[in-house]
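Notes follow the structure.
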Amino acid sequence: MANARLGRTEQITGWTFIAPALVLLGIFMLYPILWSLWMSFQVGKGMNFNFGGFANIVRLTKDPVFIRALVNTLTFLVVQVPIMIMLALLAAVALNDPKLRFRGFFRTAIFLPCVTSLIAYSTLFKSMFATDGIVNKMLMAVWIIQEPIHWLQDPFWAKILIIIAITWRWTGYNMVFYLAALQNVDRSIYEAARIDGASGWQQFWQITVPMLKPVILFTTIISTIGTLQLFDEVNNITQGGPSDSTLTLSLYIYNLTFKFMPSFGYSATVSWVIVLLVAVLSFLQFVIARDRSK
Amino acid sequence: MTDQALPLATSRAERRTRSFNLPGFVARTIKYLLLSLAAFVSIFPFFWMVVGATNRSVDIGIGKATFGDQLFINAANFFATVDAPRIFWNSAFIALVGTVLTLAISSLAGYGFEMFRSKFRERIFTLMLLLLSIPFAALMVPLFVMISSFKLVGTVAAVVLPGIASIFIIFYFRQATKAFPGELRDAARVDGLNEWQIFFYIYLPTMRSTYAAAIIIVFMANWNNYLWPLIVLNKPEQKTATLVISSLTSSYTPDFGMILFGTILATLPTLIIFFLLQRRFVEGMLGAVK
């Protein structure tokens, strides 16, 4: 329809609006992607490399550090994303209630963490979660734990700390998407459900979640991509330690490229593992979302 | 406003007719308790940051949560350790240039994709959405090699250029443009404005909320950007506040009092922008999701 109406000059005008973006995307996105795909089949150090076929892929399977980074990254993904999405949804539903008092305060408070700078929040978490720090002190004061937890020194608790940190930072961000989408849900549906005797919990699972499915899918994919690329937090709070227990794929790529003797080919291969994971997981999420709607 | 007033009125009527119900009261109390807990957890680190900046590093390490008297000493240490004006200027300059260019290029593209549709451009748009799922880690190495071959390592251009055409922001503007009233555009055409004039004189002022939300998102992303500047900024005098303060924490005995003072300064700009544009931010998000 619109296509037929566009004249020749309009076609040209259309291109001029998007041309600057397309040129930049071509240079800084498309070209690097193709380049890195080609690189992942090259072996060698620094700028001396030659074609190695599948040598890098074989190396992946034999590299214990890569496997640890992969398992860590997937652990963060599987544990953190569902918790965060659930918390964000519950907060959004609670805040969408027009009878709720102090709505503005609660909304701003829960959104506030994602306004902080990355560096502020990793520093804060590092100091709050010290062994003698405020968090252990508070947990001991309310009798949740008896002994201080070694958040930064224990491989298990270091992972938990990273999960807490990301959840703190991003829950409010996801909540805003749900709050915005909830504005479009007609309140009379809830009225009808209440008259039919549906409990709040039933309303949540049978009305809210299905209605918000497109947004939930969108935020889940965005969060999956974000978690698979996890770098800033682990580099600043735990430096990947203790003993690689919080090493992620992105941090490993960074180490391979900029800390050790650079092997661009191998690090490009590791980065394509992330691309593949994102592609497979996004696809799965789409399929699951479609199945549920039937 | 009106849709908020209505449920309030019915609830008042309900309250008058209905007798006190215990389960409802318990559920409400639990809801407020959980929301208060969430608010506490969200805000506490900010409180901790301010308190920490007034304490000695030792006291922060043992979890002292009351105000101390070290604020000026921490401030003095901070200004003595880092070249504060320079690093904040570097951060501000990169964030401002990045934000202005990203908004200009990406909003033009978002508008263009929505207003001038053609089959070919729709295909390009679909391809772009697919590229959105490619993580930065995959681009980092080739980008770095490319930037070094352009001899751009250590320049603002190196930091800013790769992010200007943001697929996410283009997508966001295209979604928001769907709400731009077609009558406004038609009227402007009748008045003899050309397409670029329509964009600058009609679209820009109408879409203020959309731009405000985008400014918050893009400014925060640029101000907080860490990994890419860490890679391409190699000279000490070019480092941003984020990079320098981050390097302070990785020393063996970090002076947390001083560092927390620095983090307050590093957080202020994004906080200020958020509170200035907060109302427009919510409106802008609503516009894009609808």
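Picking from B:Thr210, B:Thr253, which residue would you name as being modelled with pLDDT under 85, farther than 30 Å from B:Ser57 by Cβ and of a type outside the set (Asp, Glu)?
The match here is B:Thr210.
One residue is enough: does the stretch A:100-108 have a residue meeting the conditions under 24 Å from B:Ile217 (Cα atoms) and small (Gly, Ala, Ser)?
Checked the stretch A:100-108: at least one residue is under 24 Å from B:Ile217 (Cα atoms) and small (Gly, Ala, Ser).
Being farther than 16 Å from B:Pro162 by Cβ and more than 7 Å from chain A (Cβ to nearest Cβ) is the filter; apply it to the stretch B:125-150 and report the residue that is least open to solvent (accessible area, probe 1.4 Å).
Of everything passing the filter in the stretch B:125-150, B:Phe125 is least open to solvent (accessible area, probe 1.4 Å).
Determine the pairs where a residue that is open to solvent by less than 20 Å² (accessible area, probe 1.4 Å), located within the stretch A:265-279, has a partner that is among the aromatic types (Phe, Trp, Tyr) and part of a helix (DSSP H, G or I) with Cβ atoms under 8 Å apart, the partner being 6 or more residues away or on another chain.
A:Val270/A:Phe66; A:Val270/A:Tyr252
Confirm whether A:Phe54 is aromatic (Phe, Trp, Tyr), open to solvent by 30 Å² or more (accessible area, probe 1.4 Å) and over 19 Å from the mean Cα position of the chain (by Cα).
The answer is yes for A:Phe54.
Which one of B:Phe136, B:Phe40, B:Phe78, B:Phe125 is over 25 Å from the mean Cα position of the chain (by Cα) and aromatic (Phe, Trp, Tyr)?
Step by step, each of B:Phe136, B:Phe40, B:Phe78, B:Phe125 is checked, and only B:Phe78 is over 25 Å from the mean Cα position of the chain (by Cα) and aromatic (Phe, Trp, Tyr).
Condition check ((1) in a helix (DSSP H, G or I); (2) touching a Lys or Arg at 6+ places or on another chain (Cβ under 8 Å)) across all residues:
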residue: A:Ile237; (1), (2): yes, yes
residue: A:Gly240; (1), (2): no, no
residue: A:Ile253; (1), (2): yes, no
residue: A:Phe258; (1), (2): yes, no
residue: A:Tyr266; (1), (2): yes, yes
residue: A:Leu277; (1), (2): yes, no
residue: A:Ser282; (1), (2): yes, no
residue: A:Gln285; (1), (2): yes, no
residue: A:Ala289; (1), (2): yes, yes
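Can you name the residue in the stretch B:249-273 that is assigned to a helix (DSSP H, G or I) and polar (S, T, N, Q) and is also nearest to B:Ala221 (Cα to Cα) among such residues?
Taking the candidates together, the pick is B:Thr270.
Output the residues belonging to the stretch A:220-247 that are more than 13 Å from the chain's Cα centre (by Cα) and crowded, with 20+ Cβ neighbours inside 10 Å.
The answer is A:Val234, A:Asn235, A:Asn236, A:Ile237, A:Thr238, A:Gly240, A:Thr246, A:Leu247.
Is the stretch B:135-142 home to any residue that is out of contact with any helix residue (DSSP H, G or I) (no Cβ under 8 Å at 6 or more places or on another chain) and not in a helix (DSSP H, G or I)?
no
The values are calculated or read from the model by the stated rules, or taken from the named source; none is laboratory data. Small disclaimer: the values here were computed from a predicted structure and weren't measured. Neighbour counts are summed over all protein chains in view; Cβ atoms, including those assigned to glycine, are modelled from backbone coordinates with ideal geometry. Heads up: the accessible areas ignore ligands, DNA and RNA and are worked out on the full protein's heavy atoms, side chains in. Shrake-Rupley method; radii C 1.70, N 1.55, O 1.52, S 1.80 Å.
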